[in-house]
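Please read the structure below before turning to the comments.
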Amino acid sequence: MQKLISLTIIFFLTLTYSSCQKKQPLMAANSSFTETDSFKSYWYNGLAEINSYQLSQSRYGETREGKAVLIFVTEDFSEKKQVKLDDQPAAGDHKISVLKMNFTKNFVTGIYPYSMMLSAFTPISSNQYPATLKLTMSSQEWCGQVFTQVNWKDKKYAIQSNSYFEKEGDEQKTVPNVLLEDELWNRIRLGPEALPTGKVILLPGLFYTRLLHTELAPQEVNLKKEDFADSIRYTIQFEKAKRTLAIVFEKKFPFKILGWEEQFTERSKPVITRATLIKTIRLDYWTKNKNEFNYLRDSLGLQR
């Protein structure tokens, strides 16, 4: 479905920020999730879902045109090592089936390009494994590069962050068991009926915190889910940071993400970042690494 032409989000920050300690920190994500026949035939057939988007990314107070890609695929993951398994039999009880999201953004600011990538690894059986196990994010541009990794460990999240900026530098810390903004894309695909609404404590997205050079720390947010004829809009409102992220996705399985809109303040100015779906294809892209497959990028609107 390609009915989405634009995403218009109007929000009013009228609520007063209150103590985070009074809010429920984590949803019971997909507490009744079961793998239906439709789910198995779509996600366990050896193919990945690749989605390309036209991106209008705000950076340095101006809008930059670029491309974004969301890739979703299931894979076997090590609960203990938190890496993709090479030797599955040796993993034993530590083997977990996860939904992996790879999220890329590419855009240019003046003379120099940005290349950003985020990965999220969320267990499919959230009844047994309720927490997303790992996030990674890297960003490269001509000034330098940054990298952040978040791992689920001892019922909290361990964060390792490395940056070429002096005020950020290299850092290690932990945060409590909270919902992650970057896992919500996977939660949508696993079943939007379990998405939380109302006030929760959430760890902001790694793209946003790095681009805006803000502290990666849990915040109170307000979550809202709105139904339309063929789609659902899921809105995350950061009350203290004056930021809103709205994700629009199909109402029916497999809940394909149609686009998103992000509003925030950059250099004291309100700005908007938008993305709209170009095309979706499903294939085993890891086997398509020869020059003869370059046409597939063109089919996604990702011209060389």
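Just so it is clear, none of the values below were taken in a lab; they were calculated from the coordinates. As the structure is a computational prediction, the values presented were derived from the model and not from experiment. Here the Cβ is made from the backbone with ideal geometry for all residues, glycine too, and neighbour counts use every protein chain on show.
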Over the chain, with a Gaussian network built from C-alpha contacts below 10 Å, which listed residue (I281, I96, I236) shows the highest mean-square fluctuation?
I281
Going by average Cβ neighbours within 10 Å, how do the peptides 282-291, 50-59 rank, with the highest at the top?
50-59, 282-291
Could you list T235, T265, T34 so that the one with the fewest beta carbons within 10 Å of its beta carbon is first and the one with the most is last?
T34, T265, T235
For the chain, evaluate the Debye formula with one uniform point scatterer on each Cα (no solvent term) and list log10 I(q)/I(0) at q = 0.15, 0.16 Å⁻¹, rounded to two decimals.
-1.39, -1.63
Going fewest to most other Cβ atoms within 10 Å around each Cβ, E49, E79 line up as E79, E49
Can you sort E193, E239 so the residue with the fewest Cβ neighbours within 10 Å comes first?
E193, E239
How far, in nm, would the chain grow between L85 and E193 when pulled straight, counting 0.36 nm per residue and subtracting the alpha carbon separation?
35.9 nm
Which of the peptides 106-118, 206-218 is most tightly packed, and how do the rest follow, judged by the mean count of other Cβ atoms within 10 Å per residue?
206-218, 106-118
At the level of C-alpha centres, the distance separating the range 272-301 and the range 91-157, in angstrom, is 20
